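Here is the structure we will look at, set down as structure tokens.
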Amino acid sequence: MDAVTVTDLVVHRGARPVLHEVGCSVPSGQVTGLLGPSGSGKSTLLRALVGAQRIRSGTVTVLGHPAGSAALRSRVGYVTQAPSVYGDLTVRENARHFAALYGRGAAAADAAIADVGLAEAAGQLVGDLSGGQRGRASLACALVGEPELLVLDEPTVGLDPVLRVELWSRFHALAAAGTTLVVSSHVMDEAGRCDRLLLLRDGRLLSDSTPAELRARTGTDDLEQAFLSLVRATEEATA
Amino acid sequence: MTTAVSPRLTSATAGRVLRQLRHDHRTVAMLLVLPSALLGLLYLLWADVPTAPGQPDTFDRVGLTMLGVFPFVVMFLVTSIAMLRERTSGTLERLLTTPLSRLDLLLGYGLAFGLAAAAQAVVTVTIATTVYDLDVTGSLSLVVLIAVVDAALGVALGLLASAFARSEFQAVQLMPVVVLPQFFLCGLLVPRDQLAGWLQAVSDVLPLSYAVAALQEVGASPEATGTMWVDVGVVAGATLLALGLAAATLRRRTS
């Protein structure tokens, strides 16, 4: 059962095409990684999943509904690349605000803060936190709604290795409990942590497979090398 | 697109905006004290100017009008910047992916800043009538009510104006664009019936003219008049219209 199905998605920004007929699917209850260099269209694809992106053509179906439908708003959580939380509120006030929007209480807010390891900073203003902490505060505000689909745009940027490992195990725990996650990253060493990989380059989907399939197909264990050989193969095919 | 209003989500938004305000002590202090201080300056301006016999006291006339102008200007500024921040920080895009409707968001802002305006009006009216001896024939609670409706108009226009600014530099410059023409034509500087015909027609479609007319009614009559209620109704209607237009500028999908 797929949580997300994207068919022939075309997105233009101004006159510039950003996504070219992208088609992919995201299986339920797994962590799907969306990887590609900066500027490849990852954020645009994620915005299309949550219904924030104006699209030119194609369809995006999320949990059986067109992306962005009112019915999806309490079922999909979205964390933007830049932390979108209120800098002039404390971590706890931010989490409680988003909890209230999802119809949850203060206990859910406190649990989400603890989940991202910010319990000790809960009373601090978000504006006074470090970049990494701010990102986690933003993540807590999405976790608080216990969404069925969690869309995370580069959630581990600026985090130290220990926290990154912790967050990834948190993602897998969520997936094990039935949540579907789509996580973008431009760091290939995070690709191996995903159950499934979407590789995007210049607005085109290069690959939609498991890390194991990708390794087998390209004959290398290193996913970074695998990505590069896919890029070369596509360039030769189009040359 | 949902436009249904949920009282729960509207009040959650209002609570959040007020909590943001509470963390900003200097803004709270300025909101509460600045109008009174400026009114004091106006009071001193005319304190030694003799009033012609049979003429109303100039400070009574100007001061009363300013009780409606201050909340309008202050709330316009505060709201246009606050909403611009929501738009540029990504929080707006995020809010619109949650069950919050656009009207919940706008009404939440209106409610929060309306409450702030009520506190401001109580302080300003109290100081004006006790310290500065401002004479108001009608009820002071009506003055506070009109000040709050004016503030709501400022909030609604501020929410709308934020859609036309890409930066805070642009947003603050929209203040004179929206506020000054309304102030010039509201009847304070030149009585509206002495304006050239076409200027009077412009004044007729500017909501601040009705706010000032309502205050002048309260200043002149001991009881609330029908004219005053009609004027207040016009300001409230303009507020709702601006809120509706502001809702139309909030797009869930952007390019």
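The values are calculated or read from the model by the stated rules, or taken from the named source; none is laboratory data. What you see is a predicted model, and the numbers here were worked out from it, not measured in a lab. In this analysis, Cβ positions are derived from the backbone assuming ideal geometry, glycine residues included, and neighbour counts consider all displayed protein chains.
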* **Residues located in segment B:221-240, provided they are touching a residue at least 60 places away in the same chain (Cβ under 8 Å), surrounded by fewer than 15 Cβ atoms within 10 Å (Cβ to Cβ) and assigned to a helix (DSSP H, G or I)** => B:240
* **Within segment A:60-76, considering residues that are within 8 Å of another protein chain (Cβ to nearest Cβ) and not basic (Lys, Arg), the one surrounded by the fewest Cβ atoms within 10 Å (Cβ to Cβ)** => A:70
* To do: Inspect all residues belonging to segment A:40-47 and state whether any of them is surrounded by fewer than 24 Cβ atoms within 10 Å (Cβ to Cβ), in a loop (DSSP other than H, G, I, E, B) and out of contact with any Pro (no Cβ under 9 Å at 6 or more places or on another chain).
  => yes
* Asked: Going through segment A:84-96 one residue at a time, which ones are more than 16 Å from residue A:147 (Cβ to Cβ) and facing another protein chain (nearest Cβ under 9 Å)?
  -> A:85, A:86, A:87, A:88, A:89, A:90, A:93, A:94, A:96
* Every residue from segment A:1-39 that is loosely packed, with under 15 Cβ neighbours inside 10 Å, touching a strand residue (DSSP E or B) at 6+ places or on another chain (Cβ under 6 Å) and among the small types (Gly, Ala, Ser) -> A:23
* Asked: Residues of segment A:13-39 being more than 12 Å from chain B (Cβ to nearest Cβ) and not in a strand (DSSP E or B), which ones?
  -> A:28, A:29, A:30, A:36, A:37, A:38, A:39
* To do: Just name the residue that is nearest to the chain's Cα centre (by Cα) out of those in segment B:50-96 that are of a type in the set (S, T, N, Q) and more than 14 Å from chain A (Cβ to nearest Cβ).
  => B:79
* Asked: Where in segment B:1-107 are there helices (runs of 4 or more DSSP H), lying wholly inside it, with at least 2 residues that are closer than 30 Å to residue A:75 by Cα and of a type outside the set (Ser, Thr, Tyr)?
  -> B:7-23, B:58-89, B:91-95
* Asked: Which one of these is modelled with pLDDT of 95 or more and in a loop (DSSP other than H, G, I, E, B): A:117, A:103, A:123?
  -> A:123
* **segment B:168-186 - residue that is in contact (Cβ under 8 Å) with a residue 60 or more places away in the chain and more than 16 Å from the chain's Cα centre (by Cα) and, of those, surrounded by the fewest Cβ atoms within 10 Å (Cβ to Cβ)** => B:168
